[in-house]
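Chemist: Pasting a structure here, questions to come.
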Amino acid sequence: MIPIDVSTAGGGGSVPPAALLSARRGAKSRWNVGDFVFKHLTMLFAFGVLSLVFLMGYEMYAGSALTISKFGWNFLVTSTWDPVQDEYGALPLIFGTLLSSFLALLIALPLGLGVAIFLSELAPRWLERPFSFLVELLAAIPSIVYGLWGIFVLVPWLRQTLQPWLSSHFGYLPFFKGPAYGFGMLAAGLILAVMVLPIIASISRDVLQAIPNLQREAALGLGATRWESTRIILSSAKSGILGATLLGLGRAVGETMAVTMVIGNRSEISASLFSPGYSMASVIANEFAEASSSMYTSALIEIAFVLFVMTIVLNALARLVVWSVTRRFKT
Amino acid sequence: MMTTSEKLYLFWRKAKNNAMVLFSVACVLLAVAPLILIFSYTLIQGISALNIDFFIQMPKPVGETGGGMANAIVGTGILIGLGALFGLPVGIMAGIYLAEYGDNPFAGTVRFLADVLSGIPSIVVGVVAYVIVVLPMKHFSALAGGVALAILMIPTVTRTTEEMIRLVPQSYREAGLAIGIPRWKTTLRIILPTALKGITTGILLAIARAAGETAPLLFTALGNRFWSTAIDQPIASLTVFIYDYSKAPFEDWIRQAWGAAFVLIALIFVLSVIFRIVTRSRYAEH
């Protein structure tokens with residue numbers, strides 16, 4: 001925002017210097033109560049937004065004091081999740097969150113990059129508006145609707161078509177062992193891929209478009225093909241694409257409803273993508289309302305706290321990276 | 001002119017180029033396919049599931065077919081109403097600050113944290129609302145759900161308000177100040193009314209998104225099969241109903257879940273289109 005400077009606004013011109021001078025003096029000496037109050041009132045609310053983030057962190061930290069003091073760091077590296085015995089280890093949940101998100105990125109990243117390349121390097125300009133509208137819309141479809149589709153369309157398809165095919169052709173790999181339930185890691189990874197793809201595609205496209213045309217023209221002028229010039233663009237956009245990936249990862253890690261509905265909800269670690277798993281977000285969604293003991297509640301709050309820290313770090317990193325790239329090329 | 005090996009190399013480069021073009025087109029098709037599938041499937045299932053009963057009837061007891069989600073529709077309305085009540089003032093005022101006085105490190109930090117806040121999973125926000133509201137009150141309530149939705153709305157509303165105010169040309173501001181109107185009055189009486197259309201639709205979009213949230217309501221507003229409009233009691237919502245019904249063994253409940261999903265998508269779709277149209281005319285003017 002350009003600060004408003006009354007003394008130079010308008011530029012003078014025919015205004016006599018004396019009048020200009022008095023106007024400037026007037027602007028300086030006039031201290032307005034309303035201005036002061038209004039500015040600081042809005043500032044207070046802005047401060048509210050800022051403190052909200054810290055308040056959230058503090059409340060969750062305080063809320064999980066029981067398990068933090070009892071289990072310490074072991075909470076993150078042990079794998080018994082047994083509410084009956086009040087034993088809590090979050091490792092299978094962290095594993096499930098990371099594996100399903102990794103799977104999602106594995107699928108969504110190349111696809112998203114392909115889409116971004118198409119839109120920024122190949123497609124005509126008029127495609128841009130409908131595309132950004134489509135992305136906006138997809139980002140707005142509630143997670144629960146993805147989950148509903150996952151249960152009634154994706155899971156049956158996996159069980160009847162994809163999983164039998166995978167196990168008969170690649171059954172010797174540890175990833176495709178075990179009975180085909182449909183529900184499980186694979187379903188979670190696929191539905192997450194669908195949800196994360198628009199984010200990765202649209203941010204990568206923004207990053208690619210931020211790179212000056214001069215680079216493309218230089219490459220093409222030297223006789224490079226479209227793809228060769230795109231490769232040069234891609235290497236300049238590397239860190240921005242990393243940022244897009246991190247943002248996508250942040251979304252995948254925190255995604256709750258769609259994952260809960262298809263992941264199978266069993267707290268165990270397995271190499272097979274066919275077997276049911278659990279994620280940090282879905283254990284909270286499933287068990288929080290029923291948590292009976294205060295230790296149980298505390299364990300779930302601690303998981304939320306870990307999730308909070310993870311997503312804050314991911315988002316902050318991603319924004320810094322994207323911001324530094326787009327800023328470098330802006331001026 | 002060209003030797004054979006040079007020709008071959010050129011051919012190879014062109015082939016690689018064409019392959020990559022094909023690859024990226026294939027990516028677009030692959031990316032769009034599931035999205036079209038989800039969209040069309042929900043539309044087909046949803047439209048056939050909707051009838052008048054869905055909107056005006058209460059849920060029937062377990063096992064009986066028919067009935068509707070009247071209480072959930074009202075419940076969702078109350079929840080987003082509460083969310084807007086708590087969230088909008090904070091978001092709008094913070095947005096005004098960022099747009100009008102936002103040229104300092106403090107504002108930069110707020111902007112950054114608002115963006116980070118919008119990336120925090122909604123389930124985590126639900127846990128926070130549980131700790132702040134449900135624990136002290138000792139029971140689930142619509143109020144807690146409203147607080148969760150408010151926290152979710154704040155970053156979007158803040159950033160939209162800021163961006164919409166920034167679209168107002170600087171000359172409007174200068175004109176107000178030049179005729180001696182104090183700055184705060186210029187903001188409230190000239191800048192805000194000019195940006196109002198954009199801000200309002202942005203807010204509606206944020207509200208529509210909040211209406212689609214499930215995770216933060218599961219253990220704040222909880223859900224309710226009966227008619228309730230009391231804000232200190234558990235309250236029904238469309239999304240929690242979809243979740244519960246999706247796990248049910250009854251055909252009819254699943255039908256109603258699709259109906260509710262369709263209603264949510266339709267709401268969000270309409271508001272998104274309106275937002276697009278309004279913001280586009282804004283850009284076009286200047």
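The values are calculated or read from the model by the stated rules, or taken from the named source; none is laboratory data. Note that the coordinates shown come from a computational prediction; the quantities given were computed from them, not determined experimentally. Note that we place each Cβ from the backbone using ideal geometry, even for glycine, and neighbour counts take in every protein chain shown. These area figures cover heavy atoms from the full protein model, side chains too; ligands, DNA and RNA do not enter into them. Shrake-Rupley method; radii C 1.70, N 1.55, O 1.52, S 1.80 Å.
Chemist: So residue B:219 ticks every box in (1) within 9 Å of chain A (Cβ to nearest Cβ); (2) under 19 Å from residue B:61 (Cα atoms) but one. Which box is left unticked?
Modeler: Only one criterion is unmet by residue B:219, namely (2).
Chemist: Any chance you could count how many residues in region B:6-40 are open to solvent by less than 70 Å² (accessible area, probe 1.4 Å) and within 30 Å of residue B:265 (Cβ to Cβ)? Lay out the reasoning, then the answer.
Modeler: Pass one, region B:6-40, residues open to solvent by less than 70 Å² (accessible area, probe 1.4 Å): B:10, B:13, B:15-17, B:19-21, B:24-28, B:31-35, B:38-40.
Of the ones still in play, those that are also within 30 Å of residue B:265 (Cβ to Cβ) are B:24-28, B:31-35, B:38-40.
Looking only at that region, the number is 13.
Chemist: What number of residues in region B:187-212 are of a type outside the set (Gly, Ala, Ser), within 9 Å of chain A (Cβ to nearest Cβ) and open to solvent by less than 60 Å² (accessible area, probe 1.4 Å)?
Modeler: Residues meeting the conditions: 2.
Chemist: Can you say whether residue A:180 is out of contact with any Gly (no Cβ under 9 Å at 6 or more places or on another chain), assigned by TED's automatic domain parsing to the domain that holds residue A:264, modelled with pLDDT under 90 and part of a loop (DSSP other than H, G, I, E, B), as far as the supplied structure shows?
Modeler: yes
Chemist: Give me the residue from region A:211-231 that is within 13 Å of chain B (Cβ to nearest Cβ), part of a helix (DSSP H, G or I) and of a type outside the set (Phe, Trp, Tyr) and, out of that set, surrounded by the most Cβ atoms within 10 Å (Cβ to Cβ).
Modeler: A:230
Chemist: Does residue A:253 satisfy being closer than 28 Å to residue A:140 by Cα and open to solvent by 20 Å² or more (accessible area, probe 1.4 Å)?
Modeler: Judged against the criteria, residue A:253 is not a match.
Chemist: Still on this model: Tell me the residue from A:313, A:283 that is among the aliphatic types (A, V, I, L, M) and open to solvent by 10 Å² or more (accessible area, probe 1.4 Å), please.
Modeler: Criteria check complete, one pass: A:313.
Chemist: Here is a further query. Just name the residue that is modelled with the lowest pLDDT out of those in region B:102-111 that are at the interface with chain A (Cβ under 7 Å from one of its Cβ atoms) and open to solvent by 10 Å² or more (accessible area, probe 1.4 Å).
Modeler: Filtering first and then ranking leaves B:103.
Chemist: Just give me the residues in region B:124-156 being aliphatic (A, V, I, L, M), over 17 Å from residue B:206 (Cα atoms) and either open to solvent by less than 10 Å² (accessible area, probe 1.4 Å) or more than 7 Å from every other protein chain (Cβ to nearest Cβ) (or both), in sequence order.
Modeler: Within region B:124-156, B:124, B:127, B:128, B:129, B:133, B:134, B:135, B:137, B:142, B:143, B:144 qualify.
Chemist: Quick one: is residue B:160 in contact with a Leu (Cβ under 8 Å, 6 or more places away or on another chain), more than 8 Å from every other protein chain (Cβ to nearest Cβ) and under 18 Å from residue A:250 (Cα atoms)? Let's see the steps before the verdict.
Modeler: Details: in contact with a Leu (Cβ under 8 Å, 6 or more places away or on another chain): yes; more than 8 Å from every other protein chain (Cβ to nearest Cβ): yes; under 18 Å from residue A:250 (Cα atoms): no.
No.
Chemist: Next question. Return the only residue of A:239, A:235 being touching a helix residue (DSSP H, G or I) at 6+ places or on another chain (Cβ under 6 Å) and either open to solvent by 10 Å² or more (accessible area, probe 1.4 Å) or not in a helix (DSSP H, G or I) (or both).
Modeler: Exactly one residue qualifies, and that residue is A:239.
Chemist: How do the helices (runs of 4 or more DSSP H) wholly within region A:69-147 filter down when requiring 3 or more residues that are surrounded by fewer than 21 Cβ atoms within 10 Å (Cβ to Cβ), at negative phi and not assigned by TED's automatic domain parsing to the domain that holds residue A:265: which remain? Steps first, please.
Modeler: Numbers: elements: A:74-77, A:91-117, A:128-140.
Fully inside region A:69-147 and qualifying: A:74-77.
Chemist: Checking residue A:101 against (1) under 30 Å from residue B:46 (Cβ atoms); (2) at pLDDT below 90: exactly one of these is not met. Which one?
Modeler: (2)
Chemist: Within the bounds of region B:66-88, is there any residue that is touching a residue at least 24 places away in the same chain (Cβ under 8 Å), exposed (fewer than 13 other Cβ atoms within 10 Å of the Cβ) and more than 30 Å from residue A:220 (Cα to Cα)?
Modeler: yes
Chemist: Being outside any helix (DSSP H, G or I) and either more than 10 Å from every other protein chain (Cβ to nearest Cβ) or more than 30 Å from the chain's Cα centre (by Cα) (or both): is that true of residue B:76 here?
Modeler: In short, no.
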